[in-house]
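Take a look at the structure set out below.
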Amino acid sequence: MLVIEKENEKFNFRVAAIILNEEGDKVLIHRKKGNNFWMLPGGRMEMGEDTSTGIQRELKEELEIKEKVAIKYIIEDFFKLGNITYHELCFYYKVNINLRKYSLNFSDEFAGVEGENYIFKWININEIDNYDLKPEFLKEKIKNCNENVEHVIIDER
């Protein structure tokens, strides 16, 4: 994992996926058990791994999904969580999947391949504002997801 920690500061190099159903009206979110906020599926990069390979590895590990991915956003995010200040670099990839191809419960919360530690859920994009999704600005990015690649810098400290 590519993480650097120094006192109350932490740098993460992550990849995440905007996983949409074929119709493009539902997105898959997940949360760590015990957390009250949601995120997009993904994880930390490994040394020597490119981001496309990293997100494909994460999708395989977490959900047994194997699909083409397309870079959508490169986001530098600065935020606080508890008493730790984070500097996170995350590459977000768009993935469209056929729900019939995978055993993903699209009507209720479900655990991923790695067990009960992460809970996944399909939500209607038009209801995304009802969820505490981190980072918050992703809600608008998901609602207006087009084909352009975008670099975003957000400071939420």
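The values are calculated or read from the model by the stated rules, or taken from the named source; none is laboratory data. Here the structure is a predicted model, which means the values were calculated and not measured. Cβ sites come from the backbone with ideal geometry, for glycine too, and all protein chains shown count toward neighbours.
Quick rundown of the values:
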quantity: Strands (runs of 3 or more DSSP E) contained in segment 1-119 and holding at least 1 residues in contact (Cβ under 8 Å) with a residue 60 or more places away in the chain; calculated: 9-21, 26-32, 70-81, 84-97, 110-112
quantity: Search result, residues across segment 102-129 that are within 18 Å of LEU20 (Cα to Cα) and not hydrophobic (A, V, I, L, M, F, W, C); calculated: TYR102, SER103, ASN105, SER107, ASP108, GLU109, GLY112, LYS121, ASN124, ASN126, GLU127, ASP129
quantity: Lone unmet requirement of (1) more than 14 Å from the chain's Cα centre (by Cα); (2) over 26 Å from SER52 (Cβ atoms); (3) at pLDDT 90 or above for ASP132; calculated: (1)
quantity: Boolean, LEU59 is under 19 Å from SER107 (Cα atoms), surrounded by 19 or more Cβ atoms within 10 Å (Cβ to Cβ) and under 15 Å from the mean Cα position of the chain (by Cα); calculated: no
quantity: Selection within segment 6-49 - over 20 Å from GLU61 (Cβ atoms), in contact with a strand residue (DSSP E or B) (Cβ under 8 Å, 6 or more places away or on another chain) and charged (D, E, K, R); calculated: GLU9, LYS10, GLU22, ASP25, LYS26
quantity: Filter pass, ASN36 being surrounded by fewer than 18 Cβ atoms within 10 Å (Cβ to Cβ) and out of contact with any Ser or Thr (no Cβ under 8 Å at 6 or more places or on another chain); calculated: yes
quantity: Members of segment 131-157 found to be farther than 19 Å from HIS30 by Cβ, touching an Asp or Glu at 6+ places or on another chain (Cβ under 9 Å) and in a loop (DSSP other than H, G, I, E, B), listed by number; calculated: GLU156
